[in-house]
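The values are calculated or read from the model by the stated rules, or taken from the named source; none is laboratory data. Note that the coordinates shown come from a computational prediction; the quantities given were computed from them, not determined experimentally. Note that we place each Cβ from the backbone using ideal geometry, even for glycine, and neighbour counts take in every protein chain shown. With ligands, DNA and RNA removed, areas are computed over all heavy atoms of the protein, side chains included. Shrake-Rupley method; radii C 1.70, N 1.55, O 1.52, S 1.80 Å.
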Amino acid sequence: MNILRTTWWTGRPPLRGACPGMDSMGRIHALPPPNFHDGLRQVLLDYFDNTWTLTEVLFSALRNDEAFYRQPSHRLRHPLIFYYGHVAVLYVNKLRLAGLLSAPLDSEFERLFEVGVDEMSWDDLSQERRDWPPVEAVTEYRARVYVLVREIIESSPELDQPPTVPRSGAAWALLLAIEHERIHLETSSVLIRELPEELVAVPAEWPGYPALIKQPLATPAAGVSFPANPLLEVPAGEARIGKPVGYPSFGWDNEYGSRIVAVPRFLASRSLISNGEYWSFLAAGGYSEQRYWSTEGWQWRTFRNAKWPTFWVPDGPAGIHHYKLRLCFETVPMQWSWPALVNFHEAKAFCSWRSKREPDSAPYRLLTEAEHHRLRDWPVDAPNRGLIYGSEGPVAASSSGPEGFGHVFGNAWQWCEDHFAALPGFAIDPLYEDFSVPCFDGKHNLIMGGSFASTGGETSPWARFHFRRHFFQHAGFRVVQSVNIPETTCQDAPPPHAGSGPCCSRVKRAAEPNRYESQESLNQYLLLHFGSRDENSRYPLPSHHCLDFPRRCATLLREAAQRYGVPPERALDLGCAVGGAAFELARDFRDVHGIDLSAQFIATANVLRERGRVDYAVREEGDVRSPLVAVIDPGIERSRVQFAIADACALPQGLGPFNVVLMANLLCRLADPKSCLARLGGPLGLVAPGGLLLITSPYSWMTAYTPRAAWLDSVTGLQSILDAEFELLHQSDEPLLIREHARKFEYIVSHATLWRRRGGARGPTCPTSFSQLS
């Protein structure tokens, strides 16, 4: 195929004066997304033309038909011929859905190119089609779609006035299709980056690169070939997540809704992790040491036999660790100062390696979504996005100075700890019902900030994109450490409750102290979950039954599962705090998930998972503290447990089902307890049919956590929500004790209810008391 033939450009050719976005050097760049208050018709025409030609400039990089039809080496996506046709087909299908078109343009194409591939796992290999149409036929179809869309923009009377109803109308439908094409502009550039270099060439109109270092050091030297990357402190503050409904620009459905998060102070690396920094992990054997990887990550690494980042090209024998760097269309000398582009598993493995290398410091992890919002409040650099450049560039190319953060936006996406989930108030866009919802499944993680190739809505401050953890994008990461908040008095603050506060205390008024992120609270929870009787108190206790509350909860579920014939497969500890109950569940259950919204608690739980122990201290009186060690029983297979940050009121839809679910003292610390309880049943319920649910709560409702209108009337309130699908098996009182210091304790009596979801085989008669189970 000769891509230089005149028929290749089906829209505006990439010539200055002919196509919007061309610069004086004949290079194309992305126009900013339009505002509904602008002169909408002409702005839409320019935005559409710029988008359409950007796609064709990108695909002009393909040298021949083989480049269009070759399936990616990982076999997890269609060949590029699909995406060349897909972006055009979506215009037709969505404009028909919006009532702007009455008939198909080519019904066969509009079925063939309608739905892409979202693989379930790295080993879910799609089968290559052999009957893709000729490139020339798809090019001709694109030419017809281009004329059709321009005619709609030029003639639609709705575009004479700004839309009066957000998220509807001709402008909304057109922008949805345009923004969809811009998303695929970036993802297609990644697929091209994965093709053999001989199949592609740099398009003449593609933006130039940042300054390349032509002869870098073979192995990197800190401060020479890549910059120092210190951790900077971000004070505690409030993050407001969610796009205002009335904002006059297009937005994807997952951007709408609202969440206010009180974010404790934290440390974050000033820059994205550079190739030079990542090389140290690689050279230290990072890809051969299973201890650095999560269970899922190691399974991916071994299945793919990954030995270095996918865009690094070995330059000599593997043992010397010399590499070049593959850009979208060509291989260049390794740029040690540029960001390391990796998937989520590789980023987390780097964090684990660095944590083990620095055992006396707080564990390293990735950003949360709320923390990314906090970074935006400090000096940031001019971003590399919108195809200002044709590749990522140096991580320290910043105008923000030594106290600012480099590339909060642009250069490379940043992997986050958070699962992709809906914001409170989320509503599906009827024009694209399956854009977000299928990915609320616990298998997609958020990426924030955009990359050099992000354009349009992807550059919006409200953008919330996501990928499966093994997927490659122009994505890197920065590292974070939690910082313990100085101790504050608890006299006027809500007291901690086992496994509860972290899932709600960050979703409240920022002015309130976040009790569950303080060092004192962390110490109290570690003692609650792992402390012995003597470590808890040297004085007589009201009852020995008030100790080991997390372990007792897990034991109740384990033995109830045995009694009722529930398979010991999957367990969920929702509001897991530092993980004591989750580890106990792993004595029987083969796959245990611990979920909490507290970054500090989850980071500590992950240290326990990796190392089996963690040091802490308990207060005796005043500033006097005694050192202790939390230790996981060596008989527990810690690899069975995985921990994640997530909001109990906005859990991924595909997270379940689980054979048993524990909610220990979580309910009365939730902003919306009914929404959490509603996720337990239904078609996507967290509890499998026949599975068990244990809820404990002292019902200590407080408006600081839960709006008064959302309070439940103890077990009566639970029954009103659960009775349709769950059978109440038993209820009892379960005490617990939280030590504040050697002579002061909080004694709590939680109400425990054991439920069984209907639909499974019936088990034996319920015991008369929990003591028969424990």
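Tabulated values for the structure
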item	result
Positive dipole terminus of the range 595-663, leading residue within 605, 648, 658 (C-beta point charges)	658
Amide hydrogen neighbours beyond the local backbone of residue 658, cut-off 5 Å, H modeled	687, 688
Cβ-Cβ FRET estimate between residue 107 and residue 197, R0 fixed at 41 Å, reported to 0.05	0.60
Over the range 521-615: Kirkwood hydrodynamic radius from C-alpha pairwise inverse distances, Å	14.1
Calculated [θ] (222 nm, deg cm²/dmol) that DSSP helices of n ≥ 4 give over the chain, each run adding -39,500 (n - 2.57)	-8000 deg cm²/dmol
Label-point separation, residue 699 to residue 228 (7 Å along Cα→Cβ), nm	5.9
Distance between the range 302-364 and the range 212-266 - C-alpha centres, whole angstrom	20
Gain in span if fully extended, residue 747 to residue 218, counting 0.36 nm per residue against the direct Cα distance	184.2 nm
For the chain: accessible area per residue (Å², 1.4 Å)	37
Karplus-derived HN-Hα couplings along the range 720-729 (A = 6.51, B = -1.76, C = 1.60, θ = phi - 60°), whole Hz, x at Gly and Pro	5, 9, 8, 4, 5, 10, 10, 9, 6, 8
Beta bridge orientation in the range 566-721: antiparallel %, DSSP, nearest 5	30
Loop GluC sites (Glu not before Pro), the range 41-111, which have at most 13 other Cβ atoms in a 10 Å radius of their Cβ (DSSP)	none
Amide H contacts of residue 274 (H built 1.01 Å from N, under 5 Å, at least 5 apart or other chain)	340
At most 13 other Cβ within 10 Å, DSSP loop - trypsin sites (Lys or Arg not before Pro), the range 4-78	5, 16
DSSP beta bridge pairing in the chain, given as percent antiparallel to the nearest 5	70
Rg and Dmax of the chain, Cα atoms only, in Å	27.5, 90
Portion, in percent, of the accessible area of the chain that falls on carbon or sulfur, probe 1.4 Å	53
Relative contact order (percent, whole number), the chain, Cα cutoff 8 Å, 6+ residue spacing	11
Point-charge dipole on Cβ atoms (K/R +1, D/E -1) for the range 269-340, about Cα centre, debye to 20	80
Dipole-positive endmost among 575, 719, 11 within the chain (Cβ charges, Cα centre)	575
Most to least accessible of 243, 307, 744 (protein chains only, probe 1.4 Å)	307, 744, 243
Cleavage-rule hits, trypsin sites (Lys or Arg not before Pro), the range 155-234, DSSP coil, Cβ neighbours within 10 Å at most 11	214
Between helix 599-611 and the chain: long-axis angle, C-alpha atoms, 0 to 90°, nearest 10	80
Cα gyration tensor shape of the range 223-266, rounded if a/c is under 1.5, else prolate or oblate by comparing a/b with b/c	oblate
Karplus-derived HN-Hα couplings along the range 17-26 (A = 6.51, B = -1.76, C = 1.60, θ = phi - 60°), whole Hz, x at Gly and Pro	x, 9, 10, x, x, 7, 9, 5, 8, x
Highest average packing first - 343-350, 638-645, Cβ atoms within 10 Å	343-350, 638-645
Whole-Hz couplings from phi, Karplus 6.51/-1.76/1.60, listed for the range 566-577; x for Gly and Pro	7, x, x, 9, 10, 9, 10, 10, 8, x, 6, 6
Degrees separating the helix 169-193 axis from the principal Cα axis of the chain, which is the longest one	90
Filter on 324/348; 356/744; 243/307; 348/674; 243/443 - keep pairs with C-alpha separation over 31 Å	356/744; 243/307; 348/674
Antiparallel bridges, percent of DSSP beta bridges restricted to the range 519-640 (to nearest 5)	60
Distant-in-sequence amide H partners of residue 618 (H built 1.01 Å from N, under 5 Å)	626, 628
The range 61-115, relative contact order [Cα under 8 Å, separation at least 6], %	27
